[in-house]
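The values are calculated or read from the model by the stated rules, or taken from the named source; none is laboratory data. Note that this is a predicted model, so its numbers are computed, not measured. Here Cβ is always computed from backbone atoms with ideal geometry, including for glycine, and neighbour counts include all displayed protein chains.
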Amino acid sequence: MNKWIAYIFPFLFFISTHSLFAQDCGVERWNIKSLSDVDTSKVHFDCLKKSSVHVQVNLPAPFGRLYLRQESETDIYSIDCFIVGFVKADDKDIHVVIEDITTDETMVIEIKSPECSAIQKTSRYSDMFELYNWFLKNIGVPLHSFTSLPQHKLVTITGVGFWDFLHGQKGMANNGREIHPVLSIKFKQN
């Protein structure tokens, strides 16, 4: 019996500590990105605004380092666009580069990992869980190096407007605008 415990205990310890650490995902404005901030109640989930990559990348960016949710981060947008590539980030998000359907302007959208504890606690968890799995099945499994799609995918994405600080991400808008988190993606017919 003692031999059994000696073998099982380290295994159980590894599993429990690994799952605890795997749940810690992001840092920078994480509560806003994960819809776990107190101002999430101000997000207009019932009002979808039609937009485009072109419109989003040309919005005036707020000044300075942001800590609280901005007024322009309370809207849900629907955007027709092309998915051009994606990568798995260190914070476990899938960073997706999208392109405007009429210009070559790009921006980043982010799909949250359902294994993050903050995501598991949000009221939008089921949407994010379904989206993450849909992406894996229909677009691809993200790697830690950027995957460019040989054939761009025409989709409609919906999600929350977000301001990120400029840190050299591939495809990032010059104003730091993102859709983060994404709540749904659907293929659009030509």
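Counting only residues that are over 20 Å from Leu35 (Cβ atoms), of a type in the set (D, E, K, R) and in contact with a helix residue (DSSP H, G or I) (Cβ under 8 Å, 6 or more places away or on another chain), region 90-145 holds 3 of them. Just to be sure, is Ser126 of a type in the set (Gly, Ala, Ser), loosely packed, with under 14 Cβ neighbours inside 10 Å and farther than 23 Å from Val43 by Cβ? No. How about region 46-66: which of its residues are surrounded by 10 or more Cβ atoms within 10 Å (Cβ to Cβ) and modelled with pLDDT under 95? Across region 46-66, the qualifying residues are Ala61, Pro62, Leu66. For region 129-145, taking the residues that are of a type in the set (A, V, I, L, M) and either under 14 Å from Pro114 (Cα atoms) or without any contact (Cβ under 8 Å) to a residue 24 or more places away in the chain (or both), the one that is surrounded by the fewest Cβ atoms within 10 Å (Cβ to Cβ) is identified as Val141. Across region 64-79, the qualifying residues are those that are out of contact with any strand residue (DSSP E or B) (no Cβ under 7 Å at 6 or more places or on another chain) and of a type outside the set (Ser, Thr, Tyr), and the one among them that is nearest to Gln189 (Cα to Cα) is Glu71. If we keep just the residues of region 60-98 that are of a type in the set (A, V, I, L, M, F, W, C) and not in a strand (DSSP E or B), which is nearest to Lys153 (Cα to Cα)? Residue satisfying both the conditions and the ranking: Ala89. For region 49-82, a residue qualifies if it is of a type in the set (A, V, I, L, M) and closer than 20 Å to Lys33 by Cβ, and the qualifying residues are Val53, Val57, Leu59, Ala61, Leu66, Leu68, Ile76, Ile79.
Based on this model, can you work out whether Val84 counts as in contact with a Leu (Cβ under 8 Å, 6 or more places away or on another chain) and under 30 Å from Val141 (Cβ atoms)? Yes.
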